[in-house]
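Every read-out reported here was derived from the displayed coordinates using simple, explicitly stated rules and does not represent laboratory data. Values in this document were obtained by computation on a predicted structure and should not be read as measured data.
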Amino acid sequence: MQISVIIPFYNAAPFLERSVNSVINQTFSQWNLILVDDGSKDNSGQICDDFTQRDSRVHVIHQENAGAGAARNNGLALAKGDYVVFVDADDFVEPYYFEELSQHNEDVVFIDVQHVDESGHVLRYEKMSPYKGNSMDDLIRSQMTGKMT
């Protein structure tokens with residue numbers, strides 16, 4: 001099994017290294033990372049280009065600013081994995097995250113999320129696992145309307 005990870009970003013230089021390193025340092029190694037530069041004006045694009053030199057599983061797309069949705073869609077065009085994970089540029093994942101995901105064979109997997117501040121203190125804990133019993137139609141409808149039921 002392989003996991004494709006898509007990180008869209010715009011002017012995210014302060015966060016990118018932590019986010020990308022959290023993917024690179026996974027205990028599960030069968031992944032490819034697609035970084036989508038949505039027309040950044042800072043050095044975000046160069047930071048990501050440097051990662052491609054260090055790890056052949058990392059790929060970068062540079063595009064004119066078109067928004068996060070377009071960036072995610074362009075990333076999907078390069079996805080090779082059996083599963084796709086979207087990570088925001090200011091997020092990071094724990095080292096065992098993909099290992100945990102690899103234990104599932106469902107179409108959609110919900111993992112609980114911790115919101116932390118810059119010093120690592122948990123601000124909020126978001127339980128996503130209660131949604132795992134929803135049908136695919138309900139999940140899509142909820143995502144489109146922004147209302148998880």
Multiply the residue separation of ALA77 and MET1 by 0.36 nm, subtract the distance between their alpha-carbon atoms, and state the gained length in nm to one decimal. 25.5 nm
Starting at the first residue of the range 13-22, write each ³J(HN,Hα) from the Karplus equation 6.51 cos²θ - 1.76 cosθ + 1.60 with θ = phi - 60°, in whole Hz, x for Gly and Pro. 3, x, 10, 4, 4, 5, 5, 5, 4, 5
What value does the range 1-103 have for Rg/Rh, both radii from Cα atoms and Rh as Kirkwood defines it? 0.94
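Note down the relative contact order for the range 1-51 as a percent, whole number, built from C-alpha pairs under 8 angstrom at least six residues apart.
Averaging sequence separation for qualifying contacts and normalising by length gives 54 percent for the range 1-51.
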Taking amide H positions as placed 1.01 Å from N in the peptide plane, with prolines and chain starts having none, which residues 5 or more places from VAL36, or on another chain, fall under 5 Å of its amide H? ILE7, PHE9, ILE61
Output wanted: per-residue J couplings in Hz (rounded whole) for the range 86-93, from phi through Karplus 6.51 cos²θ - 1.76 cosθ + 1.60, θ = phi - 60°, x for Gly and Pro. 9, 10, 7, 5, 9, 9, 9, 10
